[in-house]
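Q: Input: one structure, supplied below.
The values are calculated or read from the model by the stated rules, or taken from the named source; none is laboratory data. As the structure is a prediction and not an experimental result, all values here were calculated from the model. Here the Cβ is made from the backbone with ideal geometry for all residues, glycine too, and neighbour counts use every protein chain on show. With ligands, DNA and RNA removed, areas are computed over all heavy atoms of the protein, side chains included. Shrake-Rupley method; radii C 1.70, N 1.55, O 1.52, S 1.80 Å.
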Amino acid sequence: MNVSTVPRTMRAAVIARPGGPDVIELRERPTPIPDTHEVLVRVHASAMNRADVLQRMGRYPAPRGAPADVPGLELAGTVVAHGPAAERWPVGARVFGLVAGGAHADYVALHEDTVAAMPGTMSWVDGGAVPEAFITAFDALEQAGARAGETVLIHAVASGVGLAAVQLARARGAVPLGTTRTTAKLERVLPLGLRGGFATDQGLDGLVPWVLASTEGRGVDVTLDLVGGPYLRTTIDAMAHRGRIVLIGTLAGAEATIALGVVLYKRLTIRGTVLRSRTLDERKRDAAAFGRDVVPLLARGAIHPVIDRVFPLERVADAHALVESNSTTGKVVVTMTDEPIPQAP
Ligand SMILES: NC(=O)c1ccc[n+]([C@@H]2O[C@H](COP(=O)([O-])OP(=O)(O)OC[C@H]3O[C@@H](n4cnc5c(N)ncnc54)[C@H](OP(=O)(O)O)[C@@H]3O)[C@@H](O)[C@H]2O)c1
């Protein structure tokens, strides 16, 4: 490992105890030492995810091997050192990718095959906003087998994952529709590629008629459900025959009552997915697919992350509070180095 320029300690956002945003404290921690096939990355930017909030509350423990008290699932940064057998990236390479935790810190060590090369044209802020939302959305569309010409309904469409899914659905020729509880967010997201949107602020009653009106009576072919709970039952009624539902999140509740007869009759597929608990081999495959199929679209500007706010690491507690407020459209980024912070749209 080339340690000459790497400090022994670094700043990390530490969950001092389970609780609200104020339990996050910036503390000094030992800089990780990269293992055999790992690279050490100087993190320039990361972003917030719901898992960080749940972990802070004590409701989502980090998986084995990830730091128990430092959140952060994604990063964009520079390779600064290698483990003894890591040879894929030179020092100075710009990379981005996922970890199971610990990215809200100045340095992260991770397997060299779990990152992708970041386009030279992309800012650190944009890079930090990409991996979790775009890998989750891409992987879910793949699992659903979403094809050109098919309709894809995305619940909580103004979320980070939701807006990545809109663009990735479009990129494969599918037609994205979306829901949000906030009417004002629909105004913001419609110009971002959504074919049509439905505000659920008055409840879910009008959703099925709206979907049928938007799909010439067929229903949607694919749903990416980021919220779960009561949405699942209504979604089943909104599906076309042989439709595929991918359950990605449970913001609206982790339990649902569904009409099994409709699932049978329509021959629906319902599957759940999660990235964080995947094995190393699975994470390598995810990173390879991301590098092959998503990064080229980012590089030529065909898709891009939507960023709501940017906070320096010192203010990561404010980033937690903002995400919890449910007022955001797109990603909340956390920066570790001094890049000029862009204004919110
Ligand atoms: N399975 C995985 O591997 C994976 C990976 C990443 C994310 N996720 C999940 O995907 C979801 C979205 O994540 P994100 O980081 O993109 O979220 P985000 O940007 O924080 O946005 C979430 C949005 O969901 C809406 N929402 C919150 N509570 C809701 C409720 N009770 N009912 C309906 N809508 C609600 C809010 O918008 P409005 O109320 O304005 O609509 C909120 O802004 C989360 O559930 C997250 O846990 C899963």
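Q: Which order do the peptides 38-47, 230-239, 79-88 come out in when sorted by mean C-beta neighbours inside 10 angstrom, highest first?
A: For the peptides 38-47, 230-239, 79-88, the packing ranking is 38-47, 230-239, 79-88.
Q: For the residue pair Ile258 and Arg242, what label-to-label distance in nm results when each label sits 7 Å from Cα along the Cα-to-beta-carbon direction?
A: Placing both labels 7 Å along Cα→Cβ, they lie 1.9 nm apart.
Q: Mind putting a number on the dipole of region 133-272 about its Cα centre? Charges go on the C-beta only, +1 for Lys and Arg and -1 for Asp and Glu, and I need it in Debye to the nearest 20.
A: Dipole size: approximately 280 debye.
Q: Considering only protein heavy atoms, what per residue accessible area in square angstrom results for the chain with a 1.4 angstrom probe?
A: Per residue, the chain has 43 Å² of solvent-accessible surface.
Q: Can you tell me the equivalent ellipsoid semi-axes for region 133-272? Use √(5λ) from the Cα gyration tensor, largest first, whole Å.
A: Over the Cα atoms of region 133-272, the semi-axes work out to 19, 17, 15 Å.
Q: Can you spot the aspartates and glutamates whose alpha carbon is less than 19 Å from Lys185's alpha carbon? Ignore those fewer than 8 places along the same chain.
A: Filter leaves Asp201, Asp225, Asp308, Glu324.
Q: Report the one residue of Gly228, Gly193, Ala256 whose Cα lies farthest in the direction of the positive end of the charge dipole of region 133-272 (charges on C-beta: Lys and Arg +1, Asp and Glu -1; origin at the Cα centre).
A: Comparing the listed Cα positions along the dipole, Gly193 ranks first.
Q: Which percent of the accessible area of the chain is formed by carbon and sulfur heavy atoms (probe 1.4 angstrom)?
A: 52
Q: Is the shape of the chain best called rounded, prolate or oblate, per the rule: a/c under 1.5 gives rounded, else a/b larger than b/c gives prolate, else oblate, with a ≥ b ≥ c the square roots of the Cα gyration tensor eigenvalues?
A: It comes out prolate by the Cα gyration axes.
Q: Continuing with this model, one more query. Choose one answer from Gly249, Gly77, Gly160: the residue with the largest mean-square fluctuation in a GNM of the chain with alpha-carbon springs under 10 Å.
A: Gly249
Q: Additional query: Given springs between every Cα pair under 10 Å in a Gaussian network model of the chain, which of Gly97, Gly173, Gly330 has the largest fluctuation?
A: The residue that fluctuates most here is Gly173.
Q: How large is the dipole of the chain about the Cα centre if only Lys and Arg carry +1 and Asp and Glu carry -1, each at its Cβ, rounded to the nearest 20 debye?
A: Result for the chain is approximately 600 debye, rounded to the nearest 20.
Q: Loop only by DSSP, 13 or fewer other Cβ within 10 Å of the Cβ. Give me the trypsin sites (Lys or Arg not before Pro) in region 115-173 that pass, ordered by residue number.
A: Sites meeting the loop and neighbour criteria: Arg147.
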